[in-house]
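First the structure, in the form of structure tokens, and then the observations on it.
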Amino acid sequence: MSSSFLFLFHFLLLVLLCSASASGSTTSSTSIPADASALLSFKSSADPSNSNPLLFSASISFCQWTGVSCSPARRVARLVLESLALNGTFAPSTLARLDQLRILSLKFNSLAGSVPDLSDLTNLKALYLDHNLFSGPFPASLLSLHRLRTLDLSHNFFSGSVPLPLTRLQRLVVLQLDSNAFTGTVPPFNQSSLKSLNMSSNNLTGPVPATALLSTFGSPPFAANPGLCGAVVRRECRSHLSFFPHAATQPPSPALPPSLNGPRQGFLLSQSSATPSRSPHKRALIAIGFMSATIFLIGFLTLILALRKMKRHKLTGHGKIHTPEKSANGSEQTTTEDHEEPTAAMIMEIPEDKDREKDKAKNLGKSGCLTFCAGEAPGYNLEQLMKASAEMLGRGSVGATYKAVLDTRLILCVKRLDAGRIGLAGKEDFERHMEAVGRLRHPNLVPLRAYFHAKEERLLVYDYQPNGSLFSLLHGSKSSRAKPLHWTSCLKIAEDVAQGLSYIHQASRLVHGNIKSSNVILGPDFEACLADCCLSFLLDEQFFETDGESRFYRAPEARESNRRLTPRSDIYAYGVLLLELLSGKSPLDHQDLVSRDLPAWVRSVREEGESVDDERLTMIVDIAAACIQLSPESRPTAWQVLKMIQEVKEAEAGDGDDDSDLSTSNP
């Protein structure tokens, strides 16, 4: 009896142990880390069709998934999912579970809907949600992220007001809210940490607070907000000014600098501050003054008419002859030759020139108007553009470029296309192409803001970039031997240009077509931006046979026709540019080096004593060599070039995880 009992006891014990073992085995085999689960949940909503290169596979560690970087404790610290064509939504309770996340970038996708609650991401330092389709009000949960240093919500469809608590984020360094539909007023930002601000291209209204910080930024961060006013944006606030008598009792608006207070405003302000007087003596003085001014005006007009008649019948061909001459830098300058003694006709030239300018502006206005790109709200009109003071910056492949300063103090870059070089004759073809180019928006492209077409006149309007071109940086000094840029600067510019080029090739069916150092412009933070994007298709075929400067950058298969321009010909030009960047030499100096030892040549021309790892320099030169292969099929794509350059940067940065590095390009 006892032996049977013992046998039964041992049997039951064995069954329980096996059951527990099986249960434990099942649990361990089916459980996945919490961070991996959060990533998979995000993927299911952000990529509902499962059709993009976002590789989240259970066969490898989640720390090796696309765009994921982990801390030593195997927690997700960075998530960089850029330009992956994600076209779903940012679902709640997905990435918000990554409580150790420091950098999150989802830029250049097509994510739609609202931004979920991210208040649990208390360690987040950089958030890039720009260039998506997000909508709704400003994400309120972001206001509790007090470690946030970089916030980019630009180029979306956010609406509503910009919340005041943003001014309490004392670690915020970069705030980009441009190209949305925000309304209301500008908060009084004044935190000392804020170094970069952009709120342009919204629907903001009212006076911009004249805080110490915003006053140093000036008007550029608030461009294309027609309803903004005040001293910061140098635009008069007229809410208290009126031509009606009762306006005299209203208090004046905040004072603007004296140079911006026109005579009419000054007169109205002086009226409002004066005590009304009904003294008959003062009334008489006012009447006498009015009559004197009227008599003077009539006499002046009579003199003008007489002088015009005199010039028409007698004095043609006299005066000053304005002759354009070429300056040392290739731009046109005007010289003046004095001929006969000053005559009435000469006195009349200035008012008549002004009349001609006005007539030209009117004629252009009748023939069309500015077309603003990418749905941007008009911040100025054609008449303002034609009246702007202009300074020629240079003449390029497609026409002359001018710096235009509007009467609102807004500074633009205007390219006037050369009618003799433009091959597209039809207005519809031109406008269709410009619409496609105008939709391109990327931090490393100079955006086309507006364009104009009327008969032989074609104007393109861009943002003005104050820091010049890469060509000027490399070759601008004639007094000393040109020196290559510092290695770190070379890597940064090479990556910036590759970012912009990769975006053009991925976001559209366009090609740049004219990559060269003079078309790489340095932005306000010295970021490299591609200019003259996708304009080569407008050029006449004969141009390709005569263009000297661009010829050295042009791929062999595309040197005689713009019809052969392809993404692979852009890559060839990029390779030539990369060698120019590394060596400091113009393409003319290294056009015969394709078959030589390029790494040895680059090392020989770079500055002696510069601390550059020989292996990494060779890696970059090898990228350039791959780009300038004679066979188009042998050249890498822009995306592959970008990834290779980023690998070199990762090797340069090492495996350390510096809190101060918030760049998404080095995850």
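Values quoted throughout were computed directly from the atomic coordinates according to the rules given, and no laboratory measurement underlies them. Bear in mind that the values here come from a model prediction, so they are computed numbers and not experimental data. Cβ sites come from the backbone with ideal geometry, for glycine too, and all protein chains shown count toward neighbours.
Please turn the phi angles of segment 184-200 into ³J(HN,Hα) values with the Karplus equation 6.51 cos²θ - 1.76 cosθ + 1.60 (θ = phi - 60°), one per residue in order, whole Hz, x for glycine and proline.
The phi angles translate into x, 9, 7, x, x, 4, 8, 6, 5, 6, 6, 10, 9, 9, 9, 10, 6 Hz.
Assuming 0.36 nm per residue, please report the length gained on full extension of the stretch Cys63 to Thr205 beyond their Cα-Cα distance.
Values: separation 142, 0.36 × 142 = 51.12 nm, distance 4.60 nm.
Result for the pair: 46.5 nm of gain on full extension.
Go through segment 445-457 residue by residue and turn each phi into a ³J(HN,Hα) via Karplus (6.51, -1.76, 1.60, θ = phi - 60°); whole Hz please, and just put x for glycine and proline.
After applying 6.51 cos²θ - 1.76 cosθ + 1.60, I find 10, 7, x, 7, 8, 7, 8, 9, 9, 7, 6, 8, 9 Hz.
What is the local net charge at Arg449, summed over the other residues whose Cβ is closer than 10 Å to its Cβ (Lys, Arg +1; Asp, Glu -1)?
On the way: positive: none; negative: Glu376, Asp463.
Around Arg449, the surrounding residues sum to -2.
Under the Karplus relation 6.51 cos²θ - 1.76 cosθ + 1.60, θ = phi - 60°, what is the ordered set of whole-Hz ³J(HN,Hα) values for segment 32-41, x standing for Gly and Pro?
Working through the residues one at a time gives 10, x, 4, 5, 5, 4, 5, 5, 5, 5 Hz.
If you keep only loop residues by DSSP, which trypsin sites (Lys or Arg not before Pro) in segment 382-477 have at most 14 other Cβ atoms within 10 Å of their Cβ? Walk me through the intermediate numbers first.
Values: sites: Lys387, Arg395, Lys403, Arg409, Lys415, Arg416, Arg421, Lys427, Arg432, Arg439, Arg441, Arg449, Lys455, Arg458; in loops: Arg409, Arg421, Arg439, Arg441, Lys455.
Counting only loop positions with at most 14 other Cβ atoms within 10 Å, the trypsin sites (Lys or Arg not before Pro) in segment 382-477 are Arg409, Lys455.
Starting from the amide H of Arg458, placed 1.01 Å from N in the peptide plane, find each other amide H under 5 Å away whose residue is 5 or more places distant or on another chain.
Correct list: Leu417.
For a 20 Å ceiling on Cα separation, which of these pairs sit above it: Lys415/Lys585; Lys125/Lys643; Lys492/Lys516; Lys125/Lys195; Lys585/Lys649; Lys427/Lys455? Let's see the in-between values first.
Working: Lys415/Lys585 28 Å; Lys125/Lys643 24 Å; Lys492/Lys516 17 Å; Lys125/Lys195 15 Å; Lys585/Lys649 23 Å; Lys427/Lys455 8 Å.
Over 20 Å apart, Cα to Cα: Lys415/Lys585; Lys125/Lys643; Lys585/Lys649.
Using 7 Å Cα-to-Cβ label points, what is the Lys427/Asp597 separation (nm, one decimal)?
For Lys427 paired with Asp597, the spin-label model returns 6.2 nm.
Between Ala454 and Val405, what length comes free when the chain is fully extended (0.36 nm per residue of separation minus the Cα-Cα distance, one decimal in nm)?
On the way: separation 49, 0.36 × 49 = 17.64 nm, distance 2.23 nm.
Extra length available between Ala454 and Val405 comes to 15.4 nm.
Hey, how many Å between the Cα centroid of segment 184-243 and the Cα centroid of segment 73-120?
Here the answer is 31 Å between Cα centres.
Exactly which trypsin sites (Lys or Arg not before Pro) in segment 53-131 are in a DSSP loop and have at most 16 other Cβ atoms within 10 Å? Don't skip to the answer; put the middle values down first.
Details: sites: Arg74, Arg75, Arg78, Arg97, Arg102, Lys107, Lys125; in loops: Arg74, Arg75, Arg102, Lys107, Lys125.
Filter output for segment 53-131: Arg74, Arg75.
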